[in-house]
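Here the structure is laid out as structure tokens; the discussion comes afterwards.
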Amino acid sequence: QEDIFKKVVAHAKEYGYVFQSSEIYDGLSAVYDYGQNGAELKKNIRDYWWKAMVQLHENIVGIDAAIFMHPTTWKASGHVDAFNDPLIDNKDSKKRYRADVLVEDHCAKIEGKIEKEVKKAAKRFGDAFDKDQFLATNPRVVKYQEQIDGILKRLGKSLENEDLADVKALIEELGIVCPISGSKNWTDVKQFNLMFGTKLGASADSAMDLYLRPETAQGIFVNFLNVQKTGRMKIPFGIAQTGKAFRNEIVARQFVFRMREFEQMEMQFFVRPGSQKEWYEKWKETRLKWHLSLGFGADNYRFHDHEKLAHYADAAADIEFKFPFGFKELEGIHSRTDFDLSSHEKFSGKKLQYFDPELNESYVPYVVETSIGLDRMFLAIFSKALQEEELENGSTRTVLKLPAVLAPTKAAVLPLVKKDGLPDLAHKIIEDLRWDFNVIYDEKDAVGRRYRRQDANGTPFCITVDHQSLEDNTVTIRHRDTMAQERVAIDAVRAMIKEAVDI
Ligand code: ATP
């Protein structure tokens, strides 16, 4: 699995999807740049989300709030006091870790043992193997599972009670060693705030301390009344936004899964108090459907309902995705109560209430939020789309099976040879199509190699222009996923691509 992940990272670089930031200066940790193809794929994912969430919902509108916000925002939201990670240092290696992640990694190792047992048993029992029954009854596996559950429960409790001494005690009891030095010589656990600070204003005394926003949601909350009034919105309604967020993450590995600068796509849905449970369930279902619409298969997704809730939530769940390194959070759906709006009321002294004409009363609405990381979504799609296929003739091909709607380039136009007027006709076709789609021209190498290049690039269609094209105005369309080829009239190409890339 590590191998697959390495291939994903290498492929993303080789085909102009993702580069390490400031690479010529040896990079900046957990910061990445999107290349010519990555920027297109990212934009297409953002558009796909925006279309589903804003364009197709009569009662959801989108905004674009600034990254800088008044510093009191982050007091009201709870980020100044509570947006912390518990950190621990190893005294020998001088390396810093997130204490909760060390414990979770330890549990993942126990989970690895369970997987080993499952594999062994599957081999032993062959077709008769019943995995669920095995997991529920095998004494060794049950014991491992109990261990994991016990550890995570204790970790959750200590974090919830801010009992950092117990988190340290847990690490010591489990005998967790520093992955670098192998030593068990740990410092105490300390809280570390994840927000990046900066200053507004030129002179030292008049400068104002600001934060780079750690989430886009607050830009929506502070604009709640502006949008509600100017848009004459009636509850229930939603406000959506996409944009950059910044977190000084400590465990910054796993490529674009966890970055210090990343992009979020969030929607806050404002509802009548008391109806939040119903909307929460509805948004869970709606968001899962959105993911499934991309066609990667339901077994790649699962819900993780939170038992331990953040201070603002009365229900929360993650949609987890099967990344190359296992199931991990891709999107969060949170029932945030009236926490945010009420808190902004308190700190700003301004009323943030809605007059409900049906009830003939004013109230602070409750909020159900859907929050997804664009970069994480990018990684989910990219890693699942990247495949190596064995072909009938024994060779293999690397193919990036991106959903056509998201592919950076929809078609490549390839003249069979570089002469006889074929390049001219190819360019003519491109000029015609480029008003609707990203289309590229490629005349280098034999056509088979060009097909492979486009496979690896994720281009769903290759349009080959040959001598027959000059006579009857037809071209060969070659499909990326099936490698099937068909003869199509040039006039019909646009409609064919359009049908494939339409949502
Ligand atoms: P995690 O537990 O993985 O740190 P979180 O629970 O802190 O995530 P939220 O605050 O709920 O995440 O943010 C919503 C979404 O934003 C997440 O589901 C994820 O897709 C994305 N996200 C959060 N932090 C990062 C990051 N550092 N890099 C990339 N995406 C992120």
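The values are calculated or read from the model by the stated rules, or taken from the named source; none is laboratory data. Keep in mind that what you see is a predicted model, and the values were worked out from it rather than measured. Methodologically, a virtual Cβ is constructed for each residue, glycine included, from the backbone with ideal geometry; neighbour enumeration extends over all protein chains shown.
Against the definition (among the small types (Gly, Ala, Ser) and under 20 Å from His79 (Cα atoms)), how does Gly238 come out, yes or no?
Working: among the small types (Gly, Ala, Ser): yes; under 20 Å from His79 (Cα atoms): no.
Here the answer is no, as Gly238 does not meet what is asked.
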Exactly one of Ala489, Ala456, Ala446 is under 14 Å from Pro415 (Cβ atoms) and either surrounded by fewer than 18 Cβ atoms within 10 Å (Cβ to Cβ) or in the same structural domain as Pro415 (by TED's automatic domain parsing) (or both), and that one is Ala446
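What strands (runs of 3 or more DSSP E) completely inside the range 156-269 contain at least 3 residues that are within 12 Å of the ligand (Cβ to nearest atom)? Steps first, please.
Working: elements: 190-193, 197-200, 208-211, 237-246.
The qualifying strands (runs of 3 or more DSSP E) are 237-246.
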What is the number of the single condition among (1) at pLDDT below 95; (2) on the phi > 0 side of the Ramachandran plot that Gly16 does not meet?
-> (1)
The number of residues in the range 291-323 that are closer than 17 Å to Ala385 by Cβ, in contact with a strand residue (DSSP E or B) (Cβ under 9 Å, 6 or more places away or on another chain) and not basic (Lys, Arg) is 8
Condition met for Asp132 (in contact with a strand residue (DSSP E or B) (Cβ under 8 Å, 6 or more places away or on another chain), of a type outside the set (A, V, I, L, M, F, W, C) and part of a helix (DSSP H, G or I)) = no
Just one listed residue, out of Met259, Met233, is crowded, with 18+ Cβ neighbours inside 10 Å and more than 30 Å from Val8 (Cα to Cα), and it is Met233
Within the range 180-224, how many residues are aliphatic (A, V, I, L, M) and free of Cβ contacts under 8 Å to residues at least 40 places away in the same chain?
-> 3
Among strands (runs of 3 or more DSSP E) lying entirely in the range 335-397, which contain 1 or more residues that are more than 30 Å from His11 (Cα to Cα) and within 14 Å of the ligand (Cβ to nearest atom)?
-> 366-373
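Can you tell me which residues in the range 51-110 are hydroxyl-bearing (Ser, Thr, Tyr), part of a helix (DSSP H, G or I) and crowded, with 17+ Cβ neighbours inside 10 Å? Outline the logic, then answer.
To start, the set of residues in the range 51-110 that are hydroxyl-bearing (Ser, Thr, Tyr) comprises 72-73, 77, 93, 97.
This time we only want the ones that are part of a helix (DSSP H, G or I), so: 72-73.
Thr73 - this is the single residue of the range 51-110 that is hydroxyl-bearing (Ser, Thr, Tyr), part of a helix (DSSP H, G or I) and crowded, with 17+ Cβ neighbours inside 10 Å.
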Just one of (1) outside any strand (DSSP E or B); (2) surrounded by fewer than 15 Cβ atoms within 10 Å (Cβ to Cβ); (3) of a type in the set (D, E, K, R) trips up Asp33, so point out which.
-> (1)
In the range 291-334, residue farthest from the ligand (Cβ to nearest atom) [restricted to those that are crowded, with 17+ Cβ neighbours inside 10 Å and part of a helix (DSSP H, G or I)] = Asn300
